[in-house]
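To start, the structure under review is shown below, and the notes come after it.
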Amino acid sequence: MAQDIFADIEELQQLLHSQAEVSGDLATALGKARRQMPRRIYKQGMRLVAAMPLLEHPKLRLTVDEAALQGAVREVKAHLRTIDVADRRKGRMLDVLASVAFALLTVFALLVLVLRWRGFI
């Protein structure tokens, strides 16, 4: 049963890499993707990170509630599979374009204001 959890954790790392575009081990990847995830999903992922050392030890493995960990794995996987990477990239591009457009409009408005103040317009 613990081998299944380790396989699920590997799959979570691959999903984090492909869907959330973060790399590293599970703890590092979750830390990088923290702002993109709901708090509940992040906490479920951190529950998995906290349980990993216990799962690696043969006697401490018996103290871990594997059913709860399987539920956490399912919940995090379900969230990661719903992420639309193309839409997220398009949104980032639109944010950058909006920032540039706002900056250009602001500079143009200030230029007109200064020219009017100096009497050229």
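The values are calculated or read from the model by the stated rules, or taken from the named source; none is laboratory data. These figures come from a predicted structure and were not determined experimentally. Here the Cβ is made from the backbone with ideal geometry for all residues, glycine too, and neighbour counts use every protein chain on show.
Here are a few things to note about the model shown:
- Remark: residue 24 matches the filter, which requires a residue to be under 20 Å from residue 85 (Cα atoms), exposed (fewer than 15 other Cβ atoms within 10 Å of the Cβ) and free of Cβ contacts under 8 Å to residues at least 40 places away in the same chain.
- Number of positions in the range 1-22 that are in a loop (DSSP other than H, G, I, E, B) and farther than 20 Å from residue 53 by Cα: 3
- Cβ separations smaller than 6 Å between residues 6+ apart or across chains give the following pairs from the range 54-81 residues that are free of Cβ contacts under 8 Å to residues at least 40 places away in the same chain to residues that are among the polar types (S, T, N, Q): 72/44; 75/44.
Yes/no matrix, rows are residues, columns are (1) closer than 30 Å to residue 12 by Cα; (2) not in a helix (DSSP H, G or I):
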residue	(1), (2)
73	yes, no
76	yes, no
83	yes, yes
86	yes, no
91	yes, no
105	no, no
116	no, no
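- Given (1) assigned by TED's automatic domain parsing to the domain that holds residue 21; (2) basic (Lys, Arg); (3) within 25 Å of residue 41 (Cα to Cα), index of the condition residue 59 fails: (3)
- Between 39, 47, the distinction of being touching a helix residue (DSSP H, G or I) at 6+ places or on another chain (Cβ under 9 Å), assigned by TED's automatic domain parsing to the domain that holds residue 8 and at negative phi belongs to 47 only.
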